[in-house]
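Novice: Before anything else, here's the structure in question.
The values are calculated or read from the model by the stated rules, or taken from the named source; none is laboratory data. All values derive from a computational prediction rather than experimental measurement. Cβ atoms come from the backbone with ideal geometry, glycine included; neighbour counts cover every protein chain shown.
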Amino acid sequence: MYTTGYYKEPGPKLDEDSPFKSMMERFRFAANILELDEGMFQYLASPVKQVIVSIPVVMDSGEIEVFEGYRVIHDNVLGPSKGGIRYAPDVNLEEVKALASWMTWKCAIVNVPFGGAKGGVRCDPTRLSKGELERLTRRYTSNMLEVFGPDRDIPAPDMNTNEQVMAWIMDTYSMNAHKTETAVVTGKPLILGGSQGRKEATGRGVVTVTLAALNKKGMLPNKCTVAVQGFGNVGSVSAELMYEQGAKVIAISDLSGGYYNKDGIDIPKAKEYAQNNNNLLEGYSKAEKISNEELLQLECDILIPAAKEDQIGRHNAGNIQARIIAEGANGPVTANADSILEDKGIMVIPDILANAGGVTVSYFEWVQDRQGYFWTEERVNRRLNRMMRDAFDNLFKVSEEHDITLRQAAYVYGINKVATTLKMRGIYG
Ligand code: NAD
């Protein structure tokens with residue numbers, strides 16, 4: 001019987017839509033443009049470290065369950081590696097490897113001095129008590145003491161992990177280091193050395209690059225319609241900031257389905273509704289109920305998929321009607337869909353640029369922790385906006401130079417930066 005714990009199943013088949021396969025396809029395309037030699041290609045395609053640990057936890061029942069945890073450091077050429085930790089029943093090494101390499105290119109694109117990493121624990125967090133979650137987190141951290149460190153590898157929240165989980169990681173690491181080491185993890189509560197603006201950073205970054213894209217297309221935000229898939233951290237902040245820009249947000253969605261109103265949805269009110277309704281839009285009555293699939297295919301100017309990976313693939317890419325897609329989620333468009341969207345003339349702002357606001361403010365948090373000096377929210381947002389705009393401009397230039405899409409430009413820019421740094425550092429040994 002399936003339990004929340006460890007079970008030895010083979011990893012997933014690398015089907016045509018797996019995030020790892022999508023990542024490798026795009027990586028190969030960029031490597032060809034850059035004429036990377038075979039050795040460099042192999043170096044950058046392979047993670048530098050893959051750690052699998054087993055995590056025994058004494059459950060509330062008194063029984064022991066053993067979970068499996070992962071941490072993959074894809075690369076640490078630009079600096080210590082950085083990336084989130086997710087808790088989910090289907091987490092596996094292949095997925096973590098793809099997410100870790102996306103972090104490498106993402107950090108390179110926004111010019112933060114980090115390499116890429118990702119971690120995960122295979123568990124069903126909805127079935128764990130708070131005490132079980134804490135014991136699982138502390139044992140996972142303890143098994144990773146040789147991996148984590150403010151100068152080595154710095155975790156952050158991802159799916160189903162939050163500020164509290166980061167606080168436990170920070171405390172466990174600090175207890176073993178015999179000193180408080182706040183910079184070992186980001187996405188912490190403010191009171192423990194977190195940063196102003198971190199929670200909203202990813203959605204804010206999505207909107208900054210969307211506005212930059214509108215500008216290139218000569219479009220005005222207050223003349224645009226927007227559809228947003230996912231109404232969690234990234235989706236709700238993106239929707240709210242677009243709404244503040246005067247855009248008409250005609251559809252939003254979450255696990256409970258989609259909600260459409262051609263006259264526009266009052267996003268602050270919808271947010272308040274969800275907050276009072278277990279963070280779900282279920283029952284929201286100021287809009288017509290549609291499915292998530294219908295939302296993706298709505299006629300609109302801007303589509304922001306901000307829920308999960310593999311939402312737009314070969315099966316539905318031909319039906320997308322948006323003019324711009326800003327990827328709030330990681331991997332919402334599969335590699336198979338890239339050319340279909342390109343042929344339709346849709347501008348895709350790729351995830352490794354669009355959602356990089358999160359890691360950018362994580363970098364600010366790490367800097368503030370190390371300085372012991374904390375910035376105002378205004379300073380955080382100003383610097384975030386500048387870095388996201390610069391990143392957009394850099395990629396736009398590369399896309400024009402090579403006559404390629406923004407996604408291809410993102411890979412070319414990111415891979416080129418890491419490869420150039422690696423060549424200067426040389427291969428040790
Ligand atoms: P979240 O858990 O806060 O929100 C996820 C939202 O998506 C929820 O509203 C949920 O109901 C909805 N959802 C889940 N499955 C869905 C489905 N099948 N169809 C429609 N809606 C669905 O998560 P988040 O932090 O907003 O992250 C969303 C995405 O953005 C993920 O891909 C994540 O990796 C990526 N991302 C997040 C951050 C960050 O800082 N939070 C940074 C970079 C990338």
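Novice: Given the conditions (1) more than 18 Å from Glu134 (Cα to Cα); (2) outside any helix (DSSP H, G or I), and given that Ile191 satisfies all but one, which numbered condition is not satisfied?
Specialist: Among (1) more than 18 Å from Glu134 (Cα to Cα); (2) outside any helix (DSSP H, G or I), Ile191 violates only (2).
Novice: Moving to a separate point now. Checking the structure you have, find out if any residue of the range 285-305 is assigned to a loop (DSSP other than H, G, I, E, B) and touching a Leu at 6+ places or on another chain (Cβ under 7 Å). Reasoning before the result, please.
Specialist: Filtering the range 285-305 down to residues assigned to a loop (DSSP other than H, G, I, E, B) leaves 285-287, 291, 297-301.
Filter once more, keeping what is touching a Leu at 6+ places or on another chain (Cβ under 7 Å): none.
No; the residues of the range 285-305 include none that is assigned to a loop (DSSP other than H, G, I, E, B) and touching a Leu at 6+ places or on another chain (Cβ under 7 Å).
Novice: Just wondering, is there one or more residues in the range 120-141 that are closer than 20 Å to Gly358 by Cα and buried (at least 18 other Cβ atoms within 10 Å of the Cβ)?
Specialist: The answer is yes, given that some residue of the range 120-141 is closer than 20 Å to Gly358 by Cα and buried (at least 18 other Cβ atoms within 10 Å of the Cβ).
Novice: Going by what's in this entry, would Gly429 be described as in a helix (DSSP H, G or I) and not assigned by TED's automatic domain parsing to the domain that holds Pro113?
Specialist: Working: in a helix (DSSP H, G or I): no; not assigned by TED's automatic domain parsing to the domain that holds Pro113: yes.
No; evaluated as a whole, the condition is false for this residue.
Novice: Only residues in the range 252-263 that are free of Cβ contacts under 8 Å to residues at least 40 places away in the same chain count as the first member; pair them with residues that are acidic (Asp, Glu), Cβ under 7 angstrom, at least 6 apart or cross-chain, and list the lot.
Specialist: Sorted first by the residue in the range 252-263, then by its partner, the pairs are Ser256/Glu282; Gly258/Glu294; Tyr260/Glu288; Asn261/Glu288.
Novice: It is to be established whether one or more residues within the range 233-240 are buried (at least 16 other Cβ atoms within 10 Å of the Cβ), without any contact (Cβ under 8 Å) to a residue 60 or more places away in the chain, assigned by TED's automatic domain parsing to the domain that holds Ala317 and over 23 Å from the mean Cα position of the chain (by Cα).
Specialist: Scanning the range 233-240 turns up no residue that is buried (at least 16 other Cβ atoms within 10 Å of the Cβ), without any contact (Cβ under 8 Å) to a residue 60 or more places away in the chain, assigned by TED's automatic domain parsing to the domain that holds Ala317 and over 23 Å from the mean Cα position of the chain (by Cα).
Novice: While we're here: Which condition from (1) more than 21 Å from the chain's Cα centre (by Cα); (2) more than 9 Å from the ligand (Cβ to nearest atom); (3) small (Gly, Ala, Ser) is the one that Gly257 breaks?
Specialist: (2)
Listed here are the residues, each with its yes/no results for (1) surrounded by fewer than 17 Cβ atoms within 10 Å (Cβ to Cβ); (2) in the same structural domain as Trp102 (by TED's automatic domain parsing); (3) under 22 Å from Met23 (Cα atoms).
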position: Val361; (1), (2), (3): no, no, no
position: Val367; (1), (2), (3): yes, no, no
position: Met387; (1), (2), (3): no, no, no
position: Asn394; (1), (2), (3): no, no, yes
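Novice: Looking only at the range 173-227, which residues are in contact (Cβ under 8 Å) with a residue 24 or more places away in the chain, of a type outside the set (Val, Ile, Thr), within 22 Å of Ile85 (Cβ to Cβ) and away from the ligand (no atom under 16 Å from the Cβ)?
Specialist: Selection gives Tyr173, Asn176, Glu181, Ala183, Leu192, Gly193.
Novice: Among the numbered conditions (1) within 12 Å of the ligand (Cβ to nearest atom); (2) at pLDDT 95 or above, tell me where Asn278 comes up short.
Specialist: (2)
Novice: Here is a further query. Within the range 336-419, considering only helices (runs of 4 or more DSSP H) that don't extend past its boundaries, which have at least 1 residues that are away from the ligand (no atom under 15 Å from the Cβ) and either under 25 Å from Ala45 (Cα atoms) or without any contact (Cβ under 8 Å) to a residue 40 or more places away in the chain (or both)?
Specialist: Answer list for the range 336-419: 357-371, 377-402.
Novice: Can I ask one more? Which residue is surrounded by the fewest Cβ atoms within 10 Å (Cβ to Cβ), if the candidates are limited to the range 273-308 and must be closer than 19 Å to Arg204 by Cα and not hydrophobic (A, V, I, L, M, F, W, C)?
Specialist: Lys308
Novice: Another question, if that's okay. Only residues that are in a strand (DSSP E or B) and small (Gly, Ala, Ser): list them for the range 248-269, please.
Specialist: Step one: filter the range 248-269 for residues in a strand (DSSP E or B), giving 248-254, 257-260.
Across the range 248-269, the qualifying residues are Ala251, Ser253, Gly257, Gly258.
Novice: Pairs only if they're at least six apart or on different chains, beta carbon under 9 angstrom, first in the range 54-72 and farther than 25 Å from Ala100 by Cβ, second hydroxyl-bearing (Ser, Thr, Tyr) and surrounded by fewer than 24 Cβ atoms within 10 Å (Cβ to Cβ); list them, first residue then second.
Specialist: Partner pairs satisfying both residue conditions: Met59/Thr4; Met59/Ser129; Asp60/Ser129; Glu65/Thr3; Glu65/Thr4; Glu65/Tyr6.
Novice: Looking at Asp310, Asp301, Asp266, which one is more than 9 Å from the ligand (Cβ to nearest atom) and over 24 Å from Asp351 (Cα atoms)? Reasoning before the result, please.
Specialist: Details: Asp310 fails: over 24 Å from Asp351 (Cα atoms); Asp301 fails: over 24 Å from Asp351 (Cα atoms).
That would be Asp266, the only listed residue that is more than 9 Å from the ligand (Cβ to nearest atom) and over 24 Å from Asp351 (Cα atoms).
Novice: Taking Ala213 as meeting all but one of (1) in contact with a helix residue (DSSP H, G or I) (Cβ under 6 Å, 6 or more places away or on another chain); (2) within 27 Å of Glu244 (Cβ to Cβ), write down the number of the exception.
Specialist: (1)
Novice: Same structure again: What is the one condition in (1) in the same structural domain as Asp158 (by TED's automatic domain parsing); (2) outside any loop (DSSP other than H, G, I, E, B) that Lys179 does not satisfy?
Specialist: Against the list (1) in the same structural domain as Asp158 (by TED's automatic domain parsing); (2) outside any loop (DSSP other than H, G, I, E, B), Lys179 comes up short only on (2).
Novice: Considering only the range 124-157, how many residues are in contact with a helix residue (DSSP H, G or I) (Cβ under 8 Å, 6 or more places away or on another chain), within 16 Å of the ligand (Cβ to nearest atom) and in contact (Cβ under 8 Å) with a residue 60 or more places away in the chain?
Specialist: 4
Novice: On to the next question. I'm trying to understand the selection: among the residues of the range 159-172, which are surrounded by fewer than 23 Cβ atoms within 10 Å (Cβ to Cβ) and within 16 Å of the ligand (Cβ to nearest atom)? Please lay out each step first, then the result.
Specialist: If we filter the range 159-172 for residues that are surrounded by fewer than 23 Cβ atoms within 10 Å (Cβ to Cβ), which is where we start, we get 159-160, 162-164, 167-168, 171-172.
Selection gives Met159, Asn160, Asn162, Glu163, Gln164.
Novice: When the range 228-247 is examined, which residues are found to be part of a loop (DSSP other than H, G, I, E, B) and either acidic (Asp, Glu) or more than 8 Å from the ligand (Cβ to nearest atom) (or both)? Explain how you work it out, then say what you get.
Specialist: Keep residues of the range 228-247 that are part of a loop (DSSP other than H, G, I, E, B), which gives 230-232, 245-247.
The answer is Gln245, Gly246, Ala247.
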